[in-house]
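Asks: What follows is a single structure, and I will ask about it in a moment.
The values are calculated or read from the model by the stated rules, or taken from the named source; none is laboratory data. In this text, all values refer to a predicted model and were calculated from it rather than measured experimentally. Positions of Cβ are backbone-derived with ideal geometry, glycine not excepted, and every protein chain shown enters the neighbour counts. Only protein heavy atoms, including side chains, enter the accessible area calculation; ligands, DNA and RNA are left aside. Shrake-Rupley method; radii C 1.70, N 1.55, O 1.52, S 1.80 Å.
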Amino acid sequence: MTHRPADEPTQWQALSALAPAIAQTFVSLASDIALVIDRQGIIRSVALNADVNALPDAEAWIGRAWADTVTSSTRPKIEKLLQEVSTTGVSRRREVNHPADDGNDIPMAYTALRLGKEGPVLAAGRDLRAVAA
């Protein structure tokens, strides 16, 4: 049987207060962006990889619903991801598009982890523009 983070929710709950710092660590290690999202789906913190210019305006998302930061065609994917992480504690990868000021969409792939049963969601994203090209 594979051990999943959701198997020990109290273990992850202890990290809830550290979610913004963990997001910054995720970004420096393995992602282009990391978001801390509350139980209502609102973005509370954004961490961006300094080496990647994935979403330069992402810090303006703080206080907005995560689903409102993606294109209307990919909004259901964010809603499914949040539902899945609420149920299981961890989500599978979902590919979504963020609208850009220049009219082009920015494709991103996100996975998420809930930090404890009542804790925030930590979503790590990768820029897929190179793959899409």
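Asks: In segment 110-117, is there at least one residue being of a type outside the set (Ser, Thr, Tyr), in contact (Cβ under 8 Å) with a residue 60 or more places away in the chain and over 17 Å from ARG39 (Cβ atoms)?
Replies: There is no residue in segment 110-117 that is of a type outside the set (Ser, Thr, Tyr), in contact (Cβ under 8 Å) with a residue 60 or more places away in the chain and over 17 Å from ARG39 (Cβ atoms).
Asks: While we're looking at this one, here's another question. Return the pair list, or none, for Cβ contacts closer than 8 Å from residues in segment 28-41 that are surrounded by 14 or more Cβ atoms within 10 Å (Cβ to Cβ) to residues that are assigned to a loop (DSSP other than H, G, I, E, B) and modelled with pLDDT of 90 or more, at least 6 apart or on different chains.
Replies: Short answer, once both residue conditions are applied: VAL36/PRO120; ILE37/PRO120; ASP38/PRO120.
Asks: For segment 47-97, name all the residues that are among the hydrophobic types (A, V, I, L, M, F, W, C), within 16 Å of LEU115 (Cβ to Cβ) and surrounded by fewer than 20 Cβ atoms within 10 Å (Cβ to Cβ).
Replies: Let us first name the residues in segment 47-97 that are among the hydrophobic types (A, V, I, L, M, F, W, C), namely 47-48, 50, 52, 54-55, 58, 60-62, 65-67, 70, 78, 81-82, 85, 90, 96.
Those left that are additionally within 16 Å of LEU115 (Cβ to Cβ): 47, 66, 81-82, 85, 90.
Within segment 47-97, just VAL90 meets the criteria.
Asks: Can you pull out every residue in segment 45-54 that is at pLDDT 80 or above and either over 9 Å from ALA34 (Cβ atoms) or not in a loop (DSSP other than H, G, I, E, B) (or both)? Let's see the steps before the verdict.
Replies: Quick first cut of segment 45-54, residues at pLDDT 80 or above only: 45-49.
Once the filter is applied, which keeps residues that are at pLDDT 80 or above and either over 9 Å from ALA34 (Cβ atoms) or not in a loop (DSSP other than H, G, I, E, B) (or both), segment 45-54 yields SER45, VAL46, ALA47, LEU48.
Asks: Any chance you could count how many residues in segment 101-133 are closer than 22 Å to ALA50 by Cα, of a type in the set (Gly, Ala, Ser) and open to solvent by less than 30 Å² (accessible area, probe 1.4 Å)?
Replies: 5
Asks: So, of the residues in segment 80-110 that are of a type outside the set (S, T, N, Q) and out of contact with any strand residue (DSSP E or B) (no Cβ under 9 Å at 6 or more places or on another chain), which turns out to be nearest to ILE42 (Cα to Cα)? Spell out the reasoning first.
Replies: Initial filter on segment 80-110 (of a type outside the set (S, T, N, Q)): 80-82, 84-85, 89-90, 92-96, 98-103, 105-110.
Subset that is out of contact with any strand residue (DSSP E or B) (no Cβ under 9 Å at 6 or more places or on another chain): 101-103.
Values: ASP101: 22, ASP102: 25, GLY103: 24 Å.
Among those residues, the one meeting the criterion is ASP101.
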